[in-house]
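Read through the structure below, which is laid out as structure tokens, and then see the notes.
The values are calculated or read from the model by the stated rules, or taken from the named source; none is laboratory data. Since this is a predicted model, take the numbers as computed values, not measurements. Methodologically, a virtual Cβ is constructed for each residue, glycine included, from the backbone with ideal geometry; neighbour enumeration extends over all protein chains shown. Just so you know, the surface numbers come from the protein's heavy atoms only, side chains and all, with ligands and any DNA or RNA stripped out. Shrake-Rupley method; radii C 1.70, N 1.55, O 1.52, S 1.80 Å.
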Amino acid sequence: GTGERAMVVSGRVVGLAGQPIARANVVTSLQAERPLLTDSTGRFRFVVPARSGQVFVRTLGYQPEIATFAPTGAEVNVGDISLSPVGAVLDTRIIT
């Protein structure tokens, strides 16, 4: 409704080594808008209604991840969301 408080949700998408993942798709359960993309440092930031929700992160070559957030203040940082490469297990196969 009108007068609903808004908050900023931010975070960073990284790989297992802590490297930033740029241009990852980030969408929140509180918005019907198209997903936004992380910047060159892996960061994202969007404004949503002040309610609990989830952030869904996905990008080519990585397993999707979900982070949950709650309205603890005007700004909520979900921190680093680590993505695991798809097929990381395949790298350990030894072909003889």
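From ILE21, ILE66, which residue is touching a Gly at 6+ places or on another chain (Cβ under 9 Å) and either aliphatic (A, V, I, L, M) or modelled with pLDDT under 95 (or both)? It would help to see each step written out before you state the result.
Working: ILE66 fails: touching a Gly at 6+ places or on another chain (Cβ under 9 Å).
Every option except ILE21 fails the conditions.
Grab the strands (runs of 3 or more DSSP E) fully contained in segment 3-90, keeping just those with 3 or more residues being touching a residue at least 60 places away in the same chain (Cβ under 8 Å) and open to solvent by 70 Å² or more (accessible area, probe 1.4 Å). Show your work before the answer.
Values: elements: 6-14, 25-28, 43-49, 53-58, 65-69, 75-82.
Here the list reads 75-82.
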